[in-house]
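Everything on this sheet refers to the single structure shown next.
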Amino acid sequence: MKTVTLSVVAREAVTRRALDAFSGTRRGAHISFASAELLWKVLTAKRWELLKAMTGGGSMTLREAARRVDRDVKAVHSDVHALLAAGVLRRNADGKIEFPFDAVHVDFMLKAA
């Protein structure tokens, strides 16, 4: 199973993960956000629903993604482009969209102010 971790981490942690990767240490797939607010701005309820529908689904057309969430293609189009811009989704060589993971783990901590 290919799992991605969505996390809220400081820039130093992202740099450390990158350095580990360059040295050959595997740490798994990560998509990091600078703050919880940014994570929730990118992953709105409708976009989270879209990710759930695409998880483990392979590459697909925009129309197929819209069909899976029973939404208008135009509305899904804007969500897909926001997720592409954030690096959450990607396009394959055929131009189809994909979320190439079978599972998602969300990891962040809320601390007292």
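Out of all the residues in the range 31-76, which are under 14 Å from Leu6 (Cβ atoms), part of a strand (DSSP E or B) and hydrophobic (A, V, I, L, M, F, W, C)?
Correct list: Ile31, Phe33.
Select from the range 25-70 the residues that are within 27 Å of Lys111 (Cα to Cα), aliphatic (A, V, I, L, M) and out of contact with any Phe, Trp or Tyr (no Cβ under 9 Å at 6 or more places or on another chain) and list them in ascending order.
Across the range 25-70, the qualifying residues are Ile31, Ala34, Leu38, Ala45.
Looking only at the range 77-94, filter to residues that are of a type in the set (A, V, I, L, M, F, W, C) and in a loop (DSSP other than H, G, I, E, B); which one of those is farthest from Ser59 (Cα to Cα)? I'd like the intermediate steps shown before the answer.
Initial filter on the range 77-94 (of a type in the set (A, V, I, L, M, F, W, C)): 80, 82-86, 88-89, 93.
Those still in the list that are in a loop (DSSP other than H, G, I, E, B) too: 86, 88-89, 93.
Details: Ala86: 18, Val88: 14, Leu89: 10, Ala93: 10 Å.
Within the range 77-94, the match that is farthest from Ser59 (Cα to Cα) is Ala86.
What number of residues within the range 77-110 are free of Cβ contacts under 8 Å to residues at least 24 places away in the same chain and more than 20 Å from Thr5 (Cα to Cα)?
Looking only at that region, the number is 5.
Taking the residues in the range 63-76 that are without any contact (Cβ under 8 Å) to a residue 12 or more places away in the chain and of a type in the set (D, E, K, R) as candidates, determine which candidate is surrounded by the most Cβ atoms within 10 Å (Cβ to Cβ).
Of the range 63-76, the ones without any contact (Cβ under 8 Å) to a residue 12 or more places away in the chain are 63-64, 66-67, 70, 72-74.
From what's left, of a type in the set (D, E, K, R): 63-64, 67, 70, 72, 74.
Details: Arg63: 11, Glu64: 17, Arg67: 14, Asp70: 8, Asp72: 9, Lys74: 9.
Looking at the filtered set, the residue picked out is Glu64.
Just to verify a result, which residue in the range 26-62, among those that are surrounded by fewer than 14 Cβ atoms within 10 Å (Cβ to Cβ) and hydroxyl-bearing (Ser, Thr, Tyr), is modelled with the lowest pLDDT?
Checked the range 26-62; the qualifying residue modelled with the lowest pLDDT is Ser35.
The values are calculated or read from the model by the stated rules, or taken from the named source; none is laboratory data. Treat the numbers as computed from the prediction; the structure is a model and nothing was measured. Note that each Cβ is placed from the backbone with ideal geometry, even for glycine, and that neighbours are counted across all protein chains shown.
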